[in-house]
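Worksheet: the structure to be examined is printed underneath.
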Amino acid sequence: MSRNDHFICPTCHIGHLDLRLTTYVQQFGETLISVPNTPAWVCDVCHDRQFDTASIQRIELLVGQAGPPPNRYRPAQERKISRPAETAGKVAAKARAKAKE
């Protein structure tokens, strides 16, 4: 195949596909995988990407052997807001006063 040969984009049928290095992003469970410098055919009109099957198989083999990487994201826990000691004492005194009535 010569350098001037281009493939027609199967998505838009207008653009030409060129081989470029792009970032492959895939979600495995709750973990997002990002692999830079992955060869892909990219359309110059619609920017549709078709990744090289051998590269994708290699990435999936590596992820499959070790399992998905650990997701270290931990959502923030809800914090309880406590009243200052003075306010808490006044509230308790009011509650006792109402109970006596």
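Since every read-out is calculated from the coordinates, none of them should be taken as a lab result. These numbers were taken from a predicted model, which means no experiment stands behind them. Backbone-built Cβ (ideal geometry, glycine too); neighbour counts: all protein chains shown.
Some observations on this one:
- Pair list, Cβ under 7 Å, 6 or more apart: segment 39-58 residue free of Cβ contacts under 8 Å to residues at least 24 places away in the same chain, other residue surrounded by 13 or more Cβ atoms within 10 Å (Cβ to Cβ) and part of a helix (DSSP H, G or I): PRO39/SER55
- Positions within segment 7-49 being closer than 20 Å to GLY64 by Cβ, among the aliphatic types (A, V, I, L, M) and either in contact with a Pro (Cβ under 8 Å, 6 or more places away or on another chain) or exposed (fewer than 12 other Cβ atoms within 10 Å of the Cβ) (or both), in sequence order: VAL25, ILE33
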